[in-house]
Amino acid sequence: MEQAEWAGTIGDVWAEEWRRTDRSFAGLATALNAAIRANALAGARTIADIGCGAGVTSIATAQAFPDAQVTGLDISLGLVAVARERSHGIPNLSFVAGDAPTAIHDLAPVDLIVSRHGVMFFDDPVAAFAALRSAMTPGGRLVFSCFRSPRLNGWASWLSDGGAPPPPGIGAPGPFAFADEGAVTHMLAAAGWGDAVAEPVDYRYRAGEGEDPIEDAVSFFTRIGPTARALRDASPAERAVLLDRMRALMAEQLKHGAVDFDAAAWIWTARA
Ligand SMILES: C[S@@+](CC[C@H](N)C(=O)[O-])C[C@H]1O[C@@H](n2cnc3c(N)ncnc32)[C@H](O)[C@@H]1O
């Protein structure tokens, strides 16, 4: 998955689907927001949310740090527009559209960088994280989340279990770019970040709920993530097979009125 796709169609779809993407991450948000509060330097004044998407982490951070100025940076104009609209009236929060490792320099020096799954799409992660690092106050902190292995993320692995192409792999720009803890440790060190530590977090990925949770989950996966890509690339016959499999699987996952999957993330912290 490339940055250009986020700046185009994929970003536009996420902008339309922000309620359901936020819902899918809700189980992670509590742990990430707690890590952000715990790791900020006392008196942090300038905070950047990288790949902020529709802005929910920027909003939580602005509310947690009322004396700081929080800026959400995202490459998708559509997502930045949603983030601005839903956060209207929060005085210490603004959003900038652009490539984050470039745009962050207008905010320097930055005391804290945060990100919920917004840093896995750089073509050259070492160069991007070095650029982020160079905008920091010495000793400033980095807190971001990313997915662990696709095997531990049932919402993504079911697709390849049935023979469809696997999601973009570990190490390649995409949702699983930073699944390998050792590789990310090296990448952060090469980019000039110190004291890097990863904490594993398991959570429930909510795919469907409401009046018809199965159809809600099917329509969500048709729009978002590796399943949407597989459906787009499939022939009409393959598409029909995939949709049937998906409906059956969503039915298996239905419990207590919701379709949930296992999900596994890292929360990384590091120091500039
Ligand atoms: C998986 S989404 C996460 C969005 C948001 N943080 C959330 O938790 O809902 C990844 C985000 O990174 C953004 N992104 C990707 N490459 C970027 C770049 N080079 N600069 C800024 N944003 C980028 C995308 O547009 C997208 O909003």
Tell me which residues, restricted to the range 50-64, are buried (at least 21 other Cβ atoms within 10 Å of the Cβ) and over 22 Å from I224 (Cα atoms). T61, A62
Among the residues of the range 185-205, write down those that are in a strand (DSSP E or B) and not small (G, A, S). D195, V197, E199, P200, V201, D202, Y203, R204, Y205
Condition check for A40: away from the ligand (no atom under 11 Å from the Cβ) and surrounded by fewer than 19 Cβ atoms within 10 Å (Cβ to Cβ): no
When the range 20-41 is checked residue by residue, the ones that are more than 15 Å from E199 (Cβ to Cβ) and over 14 Å from the mean Cα position of the chain (by Cα) are A40, L41
For a quick check of your reading: which helices (runs of 4 or more DSSP H) sit entirely within the range 25-112 and have at least 2 residues that are in contact (Cβ under 8 Å) with a residue 60 or more places away in the chain? 77-86
Could you tell me whether the range 146-168 includes any residue that is at pLDDT 80 or above and hydroxyl-bearing (S, T, Y)? yes
Please specify each residue of the range 65-78 satisfying the condition of being open to solvent by less than 10 Å² (accessible area, probe 1.4 Å) and either within 8 Å of the ligand (Cβ to nearest atom) or among the aromatic types (F, W, Y) (or both). L73, S76
Members of the range 193-208 that are buried (at least 16 other Cβ atoms within 10 Å of the Cβ) and either more than 15 Å from G154 (Cα to Cα) or at pLDDT below 95 (or both): W193, A196, A198
Test: E211 is surrounded by fewer than 20 Cβ atoms within 10 Å (Cβ to Cβ), in contact (Cβ under 8 Å) with a residue 24 or more places away in the chain and more than 16 Å from the ligand (Cβ to nearest atom): no
When restricted to A100, A54, A81, the only residue more than 11 Å from the ligand (Cβ to nearest atom), under 18 Å from the mean Cα position of the chain (by Cα) and under 21 Å from V13 (Cβ atoms) is A81
From the options E16, E5, residue that is within 11 Å of the ligand (Cβ to nearest atom) and acidic (D, E): E5
Restricting to the range 128-148, count the residues that are within 16 Å of the chain's Cα centre (by Cα) and either free of Cβ contacts under 8 Å to residues at least 24 places away in the same chain or open to solvent by 20 Å² or more (accessible area, probe 1.4 Å) (or both). 1
Of all residues in the range 102-132, count the ones that are out of contact with any Gly (no Cβ under 8 Å at 6 or more places or on another chain), under 18 Å from G171 (Cα atoms) and β-branched (V, I, T). 1
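Within the range 239-253, is there a residue that is open to solvent by 30 Å² or more (accessible area, probe 1.4 Å), within 24 Å of the chain's Cα centre (by Cα) and over 23 Å from F25 (Cβ atoms)?
Within the range 239-253, not a single residue is open to solvent by 30 Å² or more (accessible area, probe 1.4 Å), within 24 Å of the chain's Cα centre (by Cα) and over 23 Å from F25 (Cβ atoms).
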Meets criteria (part of a loop (DSSP other than H, G, I, E, B), surrounded by 20 or more Cβ atoms within 10 Å (Cβ to Cβ) and in contact with a Phe, Trp or Tyr (Cβ under 9 Å, 6 or more places away or on another chain)) for A179: yes
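The values are calculated or read from the model by the stated rules, or taken from the named source; none is laboratory data. Treat the numbers as computed from the prediction; the structure is a model and nothing was measured. When we count neighbours, we look across all protein chains shown, and the Cβ atoms used for this are built from the backbone with ideal geometry, even at glycine. SASA here: full protein model, heavy atoms, side chains in, ligands and nucleic acids out. Shrake-Rupley method; radii C 1.70, N 1.55, O 1.52, S 1.80 Å.
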